[in-house]
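Written out below as structure tokens is the structure these notes cover.
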């Protein structure tokens, strides 16, 4: 059953301070005006490609630099970093996976075999397509608008590409910590319909990504909130249809993705980039600008450190 998972995700969002989940309340203030994407990594973090850039520099010649065009937002995404390593410790937030060989694990394997037995060709094809992590796989939730393409939405593409980077940074360490084998390694009767991933199984990175992307996209286009959340849940469930994740991996991904979105909303750099991408996306969809967002007020009578 999937609803308890979403309820747990909502509770985690509330605990993390992400108060917008059940209402249309917004994250702290960010202008809707188009602003340049933040492209500087946190202090102490090397920007990707720096070593190669420095190695290719001719240190013996000092010609005046030629004028260069502004970086394309999608290219800037490769340098956009919203989380520092270890900033979101999912090991502290997630429950452990079911023990190997336990009754719960056996039940989950039985469920995957049941899904496989009833999997249609169309479902297998959709699960294969959803192996690619792209916000543009959410087009159906927006009504398949013709303007929803990477070429027309470079800031939107850049923002969600950076969310993918943040997801990898957050889930990589906890996957290695639990080191849960993939279900098809345990039960050879399972035949995945996507290339077999080599990473550990828990939590599901695709489910984490889909949940975080769904939350952010719904924040940008709240008119389609219900359809976006349904699509995110379907995207995550397709990891079970594909035969590469246990149900508990996917459930943990819902929680992890909610925590990731809450962490991103707390970042001023992310909020600025999200506002710029939202303005671009809403203009392409023919929607009016979002109302200005107000910073949350301090609770009355809030006590200081004790």
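Looking at the range 152-161, can you tell me whether even one residue there is under 30 Å from residue 97 (Cα atoms) and in contact with a helix residue (DSSP H, G or I) (Cβ under 6 Å, 6 or more places away or on another chain)? Working first, answer last.
Of the residues in the range 152-161, the ones under 30 Å from residue 97 (Cα atoms) are 160-161.
Cutting the leftovers down to in contact with a helix residue (DSSP H, G or I) (Cβ under 6 Å, 6 or more places away or on another chain) gives us 160-161.
Among the residues of the range 152-161, at least one is under 30 Å from residue 97 (Cα atoms) and in contact with a helix residue (DSSP H, G or I) (Cβ under 6 Å, 6 or more places away or on another chain), which makes the answer yes.
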request  = Pull up the range 176-197, narrow it to residues that are in contact with a helix residue (DSSP H, G or I) (Cβ under 7 Å, 6 or more places away or on another chain) and in a helix (DSSP H, G or I), then point me to the one that is farthest from residue 234 (Cα to Cα).
outcome  = 177
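Restricting attention to the range 250-262, does a residue exist that is assigned to a loop (DSSP other than H, G, I, E, B) and under 24 Å from residue 199 (Cα atoms)?
Here is the first cut: in the range 250-262, the ones assigned to a loop (DSSP other than H, G, I, E, B) are none.
No - not one qualifying residue is present in the range 250-262.
I'd like the residue in the range 198-211 that is in a loop (DSSP other than H, G, I, E, B) and crowded, with 18+ Cβ neighbours inside 10 Å and, out of all such residues, is nearest to the chain's Cα centre (by Cα).
Of the residues in the range 198-211, the ones in a loop (DSSP other than H, G, I, E, B) are 198-204.
If we keep only those that are crowded, with 18+ Cβ neighbours inside 10 Å too, we end up with 200-204.
On the way: 200: 18, 201: 17, 202: 16, 203: 13, 204: 11 Å.
In this case the residue turns out to be 204.
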request  = List every residue pair whose Cβ atoms lie under 7 Å apart, where the two residues are 6 or more positions apart in sequence or sit on different chains, the first residue falls within the range 145-165 and is at positive phi and modelled with pLDDT of 95 or more, and the second residue, located anywhere, is surrounded by 15 or more Cβ atoms within 10 Å (Cβ to Cβ) and part of a helix (DSSP H, G or I).
outcome  = none
request  = Kindly provide the set of residues from the range 92-144 that are over 26 Å from the mean Cα position of the chain (by Cα), without any contact (Cβ under 8 Å) to a residue 12 or more places away in the chain and closer than 28 Å to residue 174 by Cα, ordered by number.
outcome  = 99, 101, 102, 103, 106, 107, 110
query = Would you pick out the residues in the range 98-141 that are surrounded by 14 or more Cβ atoms within 10 Å (Cβ to Cβ) and not in a helix (DSSP H, G or I)?
reply = 98, 119, 130, 131, 133, 134
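Is there a residue being modelled with pLDDT under 95, loosely packed, with under 11 Cβ neighbours inside 10 Å and more than 30 Å from residue 247 (Cα to Cα) anywhere in the range 69-86? So that I can check it myself, show each step before the final result.
Taking the range 69-86 as the starting set, the residues that turn out to be modelled with pLDDT under 95 are 69-86.
Retained after the next criterion (residues that are loosely packed, with under 11 Cβ neighbours inside 10 Å): 69-70, 86.
Checking which are more than 30 Å from residue 247 (Cα to Cα) leaves us with 69-70.
For the range 69-86, residues modelled with pLDDT under 95, loosely packed, with under 11 Cβ neighbours inside 10 Å and more than 30 Å from residue 247 (Cα to Cα): present.
The values are calculated or read from the model by the stated rules, or taken from the named source; none is laboratory data. If you're wondering where the values come from, they're calculated on a predicted model, not measured in any experiment. Heads up, the Cβs are rebuilt from the backbone with ideal geometry, glycines too, and the neighbour counts pull from every protein chain shown.
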